[in-house]
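Below: one structure, written as structure tokens.
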Amino acid sequence: MATILIVEDEADIRELVRFHLEREGYAVLEAADGPEGLEKAQTQLPQCVILDVMLPGMDGFEVCRRLASGETTAQIPVLLLTARGEEVDRVVGLSLGADDYVVKPFSVRELMLRVKAILRRTERGSRAPTLNRNGIVLDGVAHCVSVDGEMINLTATEFRLLEDLMRHPGAVRTREQLLNTVWGYSFEGYARTVDTHVRRLRQKLGDKADMVETVRGVGYRLHA
């Protein structure tokens, strides 16, 4: 049974989300502010964190950044809840390590579908034991990546994104294909999610960043 952490300062929203998660059979942890949410994520290591952006004590962006940079928490997928419809806020969240986002007011059904998709792809795990492309080594069993022998810290989504590209060297992967295989869904308007994660991945690949090529108007490919 997966454990989900809800970090939300509005008690009625926490109760609503908790009710539906428990009805789906999940164990639920709760936190009402940023510091408490960060502490519970670090000590309890849930399978997913549903994280509000506007939180007392520490905002969701900072919580997300700390989770993504932590050795034991980087692989915990984060689903952001934001009341702000500005695209820049969503992009900031993704650039800090969030895996997905839902804008308030949200549909509970959509939220449950997103959580299920996150857990499904996490449980599925890597399909290839080891992939090696020009000094980039992805170990699917140990769930780690090294570049020229140096380990790099990837989030769960960044790991799956790199794995998909490495499994198809030289082939163009459209944004729609990547949404379906890496995120488990395809919704109009979410292509920017792919672009933001590719940007983060390139930053972490360092000198190998140019291996992830942009095919303008189509998607991305790993240089063969």
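Those residues that are more than 18 Å from K204 (Cβ to Cβ) and either assigned to a loop (DSSP other than H, G, I, E, B) or at pLDDT below 90 (or both), I need them from region 141-174; list them, please.
Within region 141-174, V141, H168, P169, G170, A171, V172 qualify.
Which is buried (at least 18 other Cβ atoms within 10 Å of the Cβ), among the small types (G, A, S) and assigned by TED's automatic domain parsing to the domain that holds I76, of G25, G34?
Selected residue: G34, the only one of G25, G34 that is buried (at least 18 other Cβ atoms within 10 Å of the Cβ), among the small types (G, A, S) and assigned by TED's automatic domain parsing to the domain that holds I76.
List the pairs whose first member sits in region 200-224 and is of a type in the set (D, E), whose second member is surrounded by 14 or more Cβ atoms within 10 Å (Cβ to Cβ) and assigned to a strand (DSSP E or B), and whose Cβ atoms are under 6 Å apart, counting only residues at least 6 apart or on separate chains?
E213/R221
Applying the selection to region 65-115, what residues are among the hydroxyl-bearing types (S, T, Y) and more than 16 Å from the chain's Cα centre (by Cα)?
Within region 65-115, just S107 meets the criteria.
Being touching a residue at least 40 places away in the same chain (Cβ under 8 Å) and assigned to a helix (DSSP H, G or I) is the filter here, so list the residues in region 14-29 that pass it.
Within region 14-29, L16, V17, H20, L21 qualify.
Any residue in region 153-168 that's without any contact (Cβ under 8 Å) to a residue 40 or more places away in the chain and outside the structural domain of T73 (by TED's automatic domain parsing): show its pairings with residues that are of a type in the set (F, W, Y) and surrounded by fewer than 24 Cβ atoms within 10 Å (Cβ to Cβ) at Cβ separation under 9 Å, as long as the two are six or more apart or on different chains.
Final answer for the pair search is R160/W183.
The values are calculated or read from the model by the stated rules, or taken from the named source; none is laboratory data. Everything quoted here is computed from the prediction, not taken from an experiment. Cβ: placed from backbone, ideal geometry, glycine included. Neighbour counts: every protein chain shown.
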